[in-house]
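Have a look at the structure below, then the notes.
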Amino acid sequence: MQRETNKIKIKRLYNYYCDAIYCTLGQFLKIDDIDNILKNLSEEENQTLADYAIFKNKKAGVGRVNIKVTKYGQGLKALEKYGLEGREILSAKDFPSLPTSALIGERLMLEVESLLDYNPSFLNDLSDFSARCDLPLIFHIGRDLEEVGKLVNMYKCSPVEVLESFGFLDRKCLLYGLNFIDKEDQKLICDYDKTCIFSPRSDGEEGKGGINLYNFIYNKIKFGFSSGRCYNIDMLAEGKLAIINTNNLMYDNSLIDSQKVLESLEDSGQLEIDFDDEEPLENLLDKRVELEEDEFNIDKVKEIVKKIKERI
């Protein structure tokens, strides 16, 4: 006889970074030439993809998501349409062309994909503006060894020290990646009380390596999780994979407190999940949240995919 399960209540989930294009198109095709794809998408098609990405997050129990889009306003419209909290993320390369009203709004965040992509003068201007207008920033940093080596050669200091030298650690910012930063950089992050973002499945698919979560917990660094460029939104699975990666790296399956990982995944509101209260808490991370939502018109997305395939 199957044991009856109880409903366990947890907070709704927080997806710190979701790339709208990869979240939607990655479900149907392998994305190689992203620039070529983007230049051929109409404004309406871009909005459809942003809407679908937010829909997928809501269905997966996400209550707050930072969504990476290609044009200003797409993410905001999608967030408002489905009633989710969070911010729209645009590339920092768009910074010079954005209207001031957008930059001082409450729901925009600029992304520095790599410090190597920007010259020091631009980074100084971005840091100054961020300080004046309280504009949040997100930095991809320490994601692979080649990037770390180039930054050290260019600036003669570690990646996180580069951020410190430009004043970014005094600003409102999130640090994304961090697979290849040393303990001194971790300590610096802790000193400035910054929040780190990990995307275990997306990093794995991109060959970025597995994060050692133990060091961040031990150093009491704040962290959260993202789906990154993964098209399958499952935030509990992101936390589970982070634990598995750390266990494999440390050869010890008792180092990570599942409660801390669960807390880092939660935001606000409530979800109810079928869960046997006699099970270990870590088993909760094996569950998949899939809320009942009105279905999205997937045919509109498939039509966009068809056009892209014809262009390719």
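Since every read-out is calculated from the coordinates, none of them should be taken as a lab result. All values derive from a computational prediction rather than experimental measurement. Here the Cβ is made from the backbone with ideal geometry for all residues, glycine too, and neighbour counts use every protein chain on show.
Based on the mean of other Cβ atoms within 10 Å per residue, sort peptides 146-157, 83-94 so the most packed one is first. Kindly include the intermediate steps, with their values, before the conclusion.
Numbers: 146-157: 13.7, 83-94: 18.8.
Output ranking for 146-157, 83-94: 83-94, 146-157.
In percent, how large is the relative contact order of the chain, given Cα pairs closer than 8 Å and 6 or more residues apart? Intermediate values should be presented prior to the final figure.
Values: 522 pairs, mean separation 77.0, N = 312.
Worked out over the chain, it gives 25 percent.
Once you keep just the Cα pairs under 8 angstrom separated by 6 or more residues, what percentage relative contact order results for the stretch 209-312? Don't jump to the answer; show the numbers that get you there.
Details: 68 pairs, mean separation 29.4, N = 104.
Value for the stretch 209-312: 28 percent.
Based on Cα contacts under 8 Å between residues 6+ apart, the stretch 65-215 shows a relative contact order of 16 percent. Which entry in (i) 68, 47, 35; (ii) 59, 42, 38; (iii) 100, 43, 29 matches Cα extents along the principal axes in Å derived from the coordinates of this structure? Only one option fits the structure, namely (i).
FRET efficiency for N283 and K220, Cβ-Cβ distance as r, R0 = 30 Å, nearest 0.05? Present the calculation step by step, with values, prior to reporting the outcome.
Numbers: r = 26 Å, r/R0 = 0.86.
For R0 = 30 Å, the calculated efficiency reads 0.70.
With the cut-off at under 19 Å, measuring from each backbone N in the stretch 95-111 to a point 7 Å along the Cα-to-Cβ line of E43 picks out 95, 97-103. The stretch between D252 and D191, if pulled fully straight at 0.36 nm per residue, gains 19.2 nm over its current Cα-Cα span. Using 0.36 nm per residue and subtracting the Cα-Cα separation, the extra length available between S91 and E263 on full extension is 59.0 nm.
Residues whose amide H falls under 5 Å from that of F275, counting only those 5 or more places apart or on a different chain, are N6, K7, I8, with hydrogens built in the peptide plane.
Take every DSSP beta bridge whose two residues both sit in the chain; close to 20 percent of them are antiparallel.
Note on the stretch 63-206: lysine pairs with Cα distance below 14 Å, sequence gap of 8 or more or different chains, count 4.
Select from the chain the helices, each a whole stretch of DSSP H, whose alpha-carbon atoms run 18 Å or more along the helix axis and whose Kyte-Doolittle mean is at least -0.5; answer none if there are none. Helix filter hits for the chain: 120-133, 235-250. Hey, with R₀ at 51 Å, roughly what FRET efficiency would D134 and L29 work out to, going by the Cβ-Cβ distance, to 0.05? FRET efficiency, D134 to L29: 0.85. Database remark: amide H of L178 closer than 5 angstrom to the amide H of I141, G142, R143 (H placed geometrically; neighbours at sequence offset of 5 or more, or on other chains; Pro and chain starts carry no H).
Sort 215-227, 263-275 by packing, meaning the average of other beta carbons within 10 Å per residue, with the highest value first.
On the way: 215-227: 19.2, 263-275: 15.7.
Ranking, from highest mean packing down: 215-227, 263-275.
Could you work out [θ]222 nm for the chain from helices alone, using -39500 (n - 2.57) per DSSP H run of at least four and dividing by all its residues? Round to the nearest 500 deg cm²/dmol. Could you put the intermediate results ahead of the total?
Values: 14 runs with 133 residues, N = 312.
It lands at -12500 deg cm²/dmol.
Residues whose amide H comes within less than 5 Å of that of T195, counting only those at least five positions distant or on another chain, are L175 (H built at 1.01 Å from N in the peptide plane). Close Lys pairs in the stretch 218-312, defined as Cα atoms under 21 Å apart and 8 or more places apart or on different chains, number 8.
Between E290 and K7, how high is the FRET efficiency from 1/(1 + (r/R0)^6) when r is the Cβ-Cβ distance and R₀ = 25 Å? Nearest 0.05. List each step's numbers first, then the result.
Values: r = 15 Å, r/R0 = 0.60.
After rounding to 0.05, the efficiency reads 0.95.
Of the peptides 174-181, 200-207, the order by per-residue mean of other Cβ atoms within 10 Å, starting with the highest, comes out as 174-181, 200-207.
For the stretch 1-91, what value does the Rg/Rh ratio take when both radii are computed over Cα atoms and Rh is the Kirkwood radius, given to two decimals?
Working: Rg = 15.7 Å, Rh = 14.1 Å.
Rounded to two decimals, Rg/Rh equals 1.11.
Arrange S130, S121 by Cβ neighbour counts within 10 Å, fewest through most, would you? Mind dumping the intermediate values first?
Details: S130 23, S121 8.
Lowest count first: S121, S130.
You can think of it this way: the chain between N119 and T100 has 4.6 nm of extra reach, that is 0.36 nm per residue less the Cα-Cα gap.
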